[in-house]
Amino acid sequence: MSQADVSYSCGSCGYPLNLSSLNRITSGIGSEYQKSIKKGFISFLSVDLSRFTQVDEAMDMATHLRFVIANKVDMEDPSGDGRTYIMHLPDDCLCHIFQGLRGCSDRVSFGLTCHRWLKIQNLCRRSLEFQCSFSQPSQTTLNINSYHLYRLLTRFQHLGFLSLCGCTELPDSGLNHLQYYGSKLQTIILDCCFRITDNGLSQIGAWCPSITSISLYRCNVTDAGLEILANACSTLMHVNLSYCLQISDCGLKVLSQRCSQLGAVKISCCSGITGVGFRGCSATLAYIDAESCNLRPEGITGIVSGGGLEILNVSSINWLGQGGLAAIGTGYASRLKILNFRMCRSVGDAAIMAIAKGCPLLKEWNLAICHGVGFSGWESIGLNCNNLVKLHVNRCRSLCPRGLDAIKDGCRRLLVLYMNQNPRISTYSIELFKLYRGDVEIKEEEIICVGPDWKDH
């Protein structure tokens, strides 16, 4: 016996749709009606749109949407009979449905369906990156100019991430359009935008108040532009100034003091920075990359002055003297977990001993090509670095069998030892180390960069 009234639910998950067989349009029952039933189409006098306005519910609607896209179902109401169709759904509902599409092909097909759905697709886009970006390799060279950027910003008006990396010919004037569409930007990448100057930074400061992350790798900006940016965007958390050769400690001082939430700064290869600009920085500053900088002992003191430093890269820095890095171990860097000293040839035992005692949380320490570290340094590491998990000693000329024994007998949590081309270490010493410390993996590879990406910290 057939049931008089049937309630309909989602065929994928069983979610109730508030649709009843009593509400079906059956006035045209006949051959055409039977054909539509076979195709899976059922018409109703009315549809409860509230069943499709929640995010989790929209995920099920996305399943139906994929069917619509694939089969080119008529979404409008050509007959004017008052039925509810997909095009009757409000924009915010369609946005939820679009966000429920997981496959890239589904998202692309969504915008190809009709002009309105293309608009929805554009409204939902949150990031934009050109193929001239280093992270998007391309066979062709793109010359992005102001007009291109204007058209794209007009189309995608709710961007949170914008990468102009590799747009070498983009002038400051190209950023004028941010005044209309930059209010929601949180991250902007300007790596190798050689024509972006202080004027461009002033526009970013004026039109992008929500910026938290900016990368200015190899941009022609000065302390004046950095000051304007820091004053306008006090919420900055991640700043990349690598190879900004006109930046000095003066600009760095303004940045570190005006931006109280600053968490990560890259100043690698900035020859005009000694480190004193970090003096008095916020405790939120946890990541500093100062590779190949002209740091001074007082600059090292400034770098650790905030007390919150967790990751520090001072690899390949110029001459500081054997004890110049000892300030890291004075107690201000007690939270330090990752330290990169690669190619710090002048660092000596005094600095190593101070850091080993003063940074008890160290988990990874890169001492590759640190020829000045002697037995006293290695012994102190073995005795005091009880949380060390990874140690890099590649090409350390002064690492001797006694030093290796000190590491073997200490560093109880050590799991990986990067070691190769150590002239004073014999095969016998290595095998003896493996015998006593079978829990430690010895790797011959040499790692240049250690720790997470600066934007992830």
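Please treat every number below as a calculation from the coordinates, not as lab data. Only a predicted model underlies this, so the values are computations on that prediction, with no experimental measurement involved. As a convention, Cβ positions derive from the backbone with ideal geometry for all residues, glycine included, and neighbour counts pool all protein chains shown.
Rounded to the nearest 20 debye, what is the charge dipole size of region 125-221 about its Cα centre when +1 sits on each Lys and Arg Cβ and -1 on each Asp and Glu Cβ? The partial results should precede the final answer.
Working: 7 positive and 5 negative charges, 66 e Å.
Once rounded to the nearest 20, the dipole reads 320 debye.
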### Message
Once you compute Rg and the Kirkwood Rh from C-alpha atoms, what is the Rg to Rh ratio for region 172-297?
### Response
0.95
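Counting only other residues whose beta carbon sits under 15 Å from that of residue 249, what net charge do I get with K and R as +1, D and E as -1? Let's see the in-between values first.
Numbers: positive: 253, 258, 279, 296; negative: 223, 227, 298.
Residues close to residue 249 contribute a combined charge of +1.
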### Query
Hey, rough spin-label estimate for residue 426 and residue 169, points 7 angstrom out along Cα→Cβ, what's it come to in nanometres?
6.5
### Message
Ranking request for peptides 379-386, 430-437, 350-357, 230-237: highest mean number of other beta-carbon atoms within 10 Å first, then the rest in descending order.
### Response
350-357, 379-386, 230-237, 430-437
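Enter the mean projected area of the convex hull around the alpha-carbon atoms of region 125-221, in nm², rounded to one decimal.
Values: hull surface 21.5 nm².
Projected over every direction and averaged, the Cα hull of region 125-221 covers 5.4 nm².
Pairs to check: 184/253; 253/390; 337/357; 337/390. Give those whose C-alpha atoms are more than 22 Å from each other in this structure. Provide the component values of the computation, followed by the final result.
Values: 184/253 27 Å; 253/390 33 Å; 337/357 13 Å; 337/390 11 Å.
Too far apart for the 22 Å limit: 184/253; 253/390.
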### Task
State the Cα centre-to-centre distance between region 332-371 and region 258-299 in whole Å.
17
### Task
With label points built 7 Å along Cα→Cβ from the Cα atoms of residue 23 and residue 231, find their separation and express it in nm.
6.1
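Sum up the charges of everything whose Cβ sits under 13 Å from the Cβ of residue 152, counting Lys and Arg as +1 and Asp and Glu as -1, but leave residue 152 out.
On the way: positive: 125, 151, 155; negative: 129.
Combined, the nearby Lys, Arg, Asp and Glu give +2.
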